[in-house]
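The values are calculated or read from the model by the stated rules, or taken from the named source; none is laboratory data. Computed from a predicted structure; not experimentally measured. Here the Cβ positions follow ideal geometry from the backbone for every residue, glycine too, while neighbour counts run over all protein chains shown. Quick note on the areas: whole protein, heavy atoms, side chains included, nothing else; ligands and nucleic acids left out. Shrake-Rupley method; radii C 1.70, N 1.55, O 1.52, S 1.80 Å.
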Amino acid sequence: MLIKQAPDIRSSEITDERLYRNRRQFIQAASGAAMGAVAGATVLGQYGGALQAQEPIPNLQKSPFSTDEALNSYEDITTYNNFYEFGMDKGDPARYADEMTIAPWSVRVEGEMNKPAADVDIDDILRPHTLEERIYRLRCVEAWSMVVPWVGFPLGDLIKRFEPTSKANFVKFTTLYRPEEMRGQRSRTMEWPYVEGLRMDEALNPLAIIAVGVYGKTLLNQQGPPLRLVVPWKYGFKSIKSIAKIEFVEEQPRNSWNVSIPNEYGFYSNVNPEVDHPRWSQARHRPIGAFFRVPTLMFNGYADQVASLYDGMDLVRNY
Ligand code: MTE
């Protein structure tokens, strides 16, 4: 596995204009999304319709759920990515993700819910929500991690708007399927589109968020705009990018990595230093930008908030 050794640069030192190539589609979508948030939340209000991608999102609320660990640099966060729709190499998403069109964007919402199934425009998804900054350590199953200042809102707030019924035991998320723009989808490296899922009580936990930005700016294409999941107590593969469909379902969905390599990747994917991956230990991991490995914490440090979700469950079997 490739581990990039990057210096630990603070946010204030970073302005990497090299990354901002071919931004036209992204800018369109970002201003649409930003305007969506304006009406209800006024978070982006001072920009009105003029907000451009990569402009700072003002008045972000700080979250009490944030870690106070040193942030990874904007460059690390946007150049060392997993987004297999654009290739297997960690640099492929930054290289090729601009080939994806993100405007217009709507999310198909359907399944066991009281609201009628619909294609919901990204503006309507975002409008009622107040954006906040959530600093989380994203712990990848490959035994590295990064500390990322996400911008987003609680997933549970979005779910409740659609009034899932008592049959909705799980939430299933599906990424955009567009092989003509996502070169990785033209080969059978895995089953496309990428699918993930959460149990309903996990999805409603206040730690789980929908992210729309990083470092106070809208997401670059390699980060999974216009909206992606971030579930900080689980390995990074649960944090599905560029969500095109949300379904409320009765049965536990098969998630992509579980379909690809079932004995290595399960449904739950909780960060757990005591349950090793069949090919490597999960007891320690390497923070990107640091030289030494550090101990991995149970539930990535969120045991107080989430351990009770798994009371009585065998976490060795439910990996
Ligand atoms: N979502 C989609 N659609 N496709 C992917 O390949 N990779 C996952 C997750 N979400 C992936 C995805 C994995 S393995 C990780 S570790 C995180 O995205 C990485 O997020 P980052 O690139 O923002 O660090």
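Descriptive notes on the structure:
- Where strands (runs of 3 or more DSSP E) sit wholly within the stretch 76-148, those with at least 1 residues that are within 16 Å of Leu229 (Cα to Cα) occupy 106-111, 132-140.
- Candidates Gly45, Gly87, Gly49, Gly40, filtered to the one that is farther than 30 Å from Phe299 by Cβ and modelled with pLDDT of 90 or more: Gly87
- Extreme residue, surrounded by the fewest Cβ atoms within 10 Å (Cβ to Cβ), among residues of the stretch 229-252 that are of a type in the set (Val, Ile, Thr) and either farther than 24 Å from Ile288 by Cα or within 8 Å of the ligand (Cβ to nearest atom) (or both): Val249
- The stretch 211-228, subset closer than 18 Å to Lys172 by Cα and touching a Phe, Trp or Tyr at 6+ places or on another chain (Cβ under 6 Å), residue surrounded by the most Cβ atoms within 10 Å (Cβ to Cβ): Pro226
- From Asn258, Asn318, Asn263, residue being open to solvent by 40 Å² or more (accessible area, probe 1.4 Å) and touching a Gly at 6+ places or on another chain (Cβ under 7 Å): Asn318
- Single match in Glu247, Glu274 (criterion: in a strand (DSSP E or B), more than 12 Å from the chain's Cα centre (by Cα) and of a type in the set (Asp, Glu)): Glu247
- Among the residues making up the stretch 183-208, a single one is closer than 12 Å to Lys238 by Cα and either open to solvent by 50 Å² or more (accessible area, probe 1.4 Å) or among the β-branched types (Val, Ile, Thr) (or both): Val195.
- Residue match in the stretch 237-247 (condition: within 19 Å of Gly301 (Cβ to Cβ), among the polar types (S, T, N, Q) and at pLDDT 95 or above): yes
- Residue match in the stretch 286-297 (condition: surrounded by 14 or more Cβ atoms within 10 Å (Cβ to Cβ) and part of a helix (DSSP H, G or I)): no
- Residues (surrounded by 22 or more Cβ atoms within 10 Å (Cβ to Cβ) and either of a type in the set (Gly, Ala, Ser) or near the ligand (Cβ under 9 Å from one of its atoms) (or both)) located in the stretch 149-164: Gly152
- Total residues in the stretch 167-201, condition in contact (Cβ under 8 Å) with a residue 24 or more places away in the chain and either of a type in the set (Gly, Ala, Ser) or not in a strand (DSSP E or B) (or both): 20
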